[in-house]
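Heads up: the structure comes next, in structure tokens.
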Amino acid sequence: MSLTLDLMGKSKSRDDGPRAGLKAALSRQPVVAAVDLGAHKVACFVMKASGVDAEARTLTAAGVGYVASRGVKGGAIVSAEEAADAIAMAVERAETIAGERVEGVTIATSGGKLASLRVKARVGLGPRPISDQDLMRANAAALAQTKHVDRRAIHLLPISWSVDDQGKVRDPRGMVGRSLGLELLVVTISENAFQTLIHCVERAHLDFEGVVAAPYVSALAALEDDERELGCICIDMGGGSTSVAVFQQGALVHIDSLPVGGSHVTADIARGISTTTTGAERIKTLHGSAIASANEDREMIEAPPRGDDPGAGPVVAPRSLLKGIIAPRVEETLELLRDRLKASGAPIDPDAGIVLIGGASQLAGIREVAVRVFDRPVRLGRPMRAPHLADAASGPAFCAAAGALQRAAFGPREIATSRSLAGLKPLPGSGDGQSPVFIRIRDWLRENL
């Protein structure tokens, strides 16, 4: 399978790359489908070509289906059979609403130990304007520096270009200089997790179209253009993991993920007041808060007891106990994420705000805790480019599925498509310049330039 380099098309406008990818996907099946594989739910969004409004940059989902997640725990697949069944059920429900058959899906995930690496490269130029071939050489030089053992690249995203000493160049083609520089973000996932996802999709009798990082596509759905341009930290608080995507000057510059999420808060509640997991989830939703409230010492909550003793009464506890369980876990998670961001060296603007998304972000008091931990302005996000979603599927928990469709329709453009990356071998540890990516770039040059 040849490597598609939408960024380098000679006659393409800035928005042609994603649209071309969308058309290619629609040529294989009547809809484009994305599945968000989470620890609490599995959601499938499908989109027809008629659902894309290029002028308003919005999209309409032709079908939405979601089911309770199975086989996923802590951001990792623990039962391929159960995960495959959940994927198949979610897709089937979306197919019924859309009235179209789904052949293949793209998977959005926060699992697989998501990580990112920024690499820089510089190549010499001749006495002529910069061409597509020069950009290709810079990309190949950057990718040759990657040293990932047992990892799979799922996104190759240019952060910035430079010509000689001039930085922050958006499109260097046509410029003249002595050298061309590139900073590239490589987002990777565990190879074992990647292969497990392929197995689950195929077990659900679907074609595997590739993997996208859930925090990245969720941010595409939830962030304003100004937020991405001025700098923003998008935190996706899911059931099994908490992940982050950092944007600076319109580009994604960092991704990270922690295997801690809303299900861990639920487990803490179940242990703390001796109730069932189902009961703990219910009282967390109805009464849970990460900050103190008035009269919480006098307010009592009830939860079902563990076991099947018919004579056992409900567990009764003050609401203050619930807050005392939830707040430490939420604070610990956000503090750990804050410290990892500092240690990463990611270029985060001092004035960058924070947007919280994901199902766990709906817990009362989360925003206030995030403001205290990060000392930055914080807002709650939801899908912004899909205004026609039903209320049940328009909340922050559905940003990943909506964002995966938005990426297919509007970009931003990447060096390689998810489908082409799915056909590559893991990035090598040798860094000798002869990686599968390098070979495909070389072949593309020979065939097209």
* Structure fact -> Once the in-chain neighbours fewer than 8 apart are removed, the aspartates and glutamates whose Cα is under 17 Å from LYS73 read ASP36, GLU81, GLU82, ASP85, ASP236, ASP268, GLU281
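I'd like the FRET efficiency for GLU332 and GLU229, computed as 1/(1 + (r/R0)^6) with the beta carbon distance as r and R0 of 35 Å, rounded to 0.05.
Step by step, r from the Cβ atoms, then E = 0.65.
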* What residues qualify as long-range amide H neighbours of LEU380, i.e. H under 5 Å apart, gap of 5 or more or another chain, H built at 1.01 Å from N? -> LEU356
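Would you mind calculating the gained length between ALA292 and ARG306 on full extension (0.36 nm times residue separation, minus the Cα-Cα distance), in nm to one decimal?
Extra length available between ALA292 and ARG306 comes to 2.3 nm.
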* Quotient of C-alpha Rg and 2.2 N^0.38 Å, computed over the chain -> 1.02
* To do: Please turn the phi angles of the range 91-96 into ³J(HN,Hα) values with the Karplus equation 6.51 cos²θ - 1.76 cosθ + 1.60 (θ = phi - 60°), one per residue in order, whole Hz, x for glycine and proline.
  => 5, 4, 5, 5, 4, 4
* How far, in degrees from 0 to 90, does helix 436-448 lean away from the longest principal axis of the Cα atoms of the chain, to the nearest 10? -> 40
* Asked: What number, in percent, do you get for the relative contact order of the range 237-387 if the mean sequence gap of Cα pairs under 8 Å and at least 6 apart is divided by its residue count?
  -> 25
* To do: Taking amide H positions as placed in the peptide plane 1.01 Å from N, state which residues far from ALA108 in sequence (5 or more) or on other chains have amide H under 5 Å from it.
  => VAL35, ASP36, LEU37, VAL212
* Asked: Once the Cα atoms of helix 399-410 and of the chain are each reduced to a long axis, what angle between those two axes, in degrees from 0 to 90 to the nearest 10, is obtained?
  -> 20
* Structure fact -> Per the helix-only model, the chain has a calculated mean residue ellipticity at 222 nm (DSSP H runs of ≥4, -39500 (n - 2.57) each, divided over all residues, rounded to the nearest 500) of -11000 deg cm²/dmol
* Longest DSSP-loop-exposure-free segment, GluC sites (Glu not before Pro), the chain, at most 16 other Cβ within 10 Å -> 300-449
* Degrees between helix 132-143 axis and first principal axis of the chain (Cα, 0 to 90, nearest 10) -> 50
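Listed here are the pairs LYS284/LYS323; LYS41/LYS284; LYS284/LYS342; which of them are more than 20 Å apart at the Cα?
Values: LYS284/LYS323 9 Å; LYS41/LYS284 17 Å; LYS284/LYS342 31 Å.
Table pairs above 20 Å Cα-Cα are LYS284/LYS342.
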* Structure fact -> Under the 7 Å Cα-to-Cβ spin-label approximation, ALA267 and ASP165 lie apart by a distance in nanometres of 5.5
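Please state the relative contact order of the chain as a whole percent: Cα pairs under 8 Å, 6+ residues apart? Could you put the intermediate results ahead of the total?
On the way: 1040 pairs, mean separation 99.5, N = 449.
Relative contact order comes out at 22 percent.
Bear in mind that the values in this text are calculations on the coordinates, not laboratory data. None of these values were measured; they are calculated from a predicted model. Cβ sites come from the backbone with ideal geometry, for glycine too, and all protein chains shown count toward neighbours.
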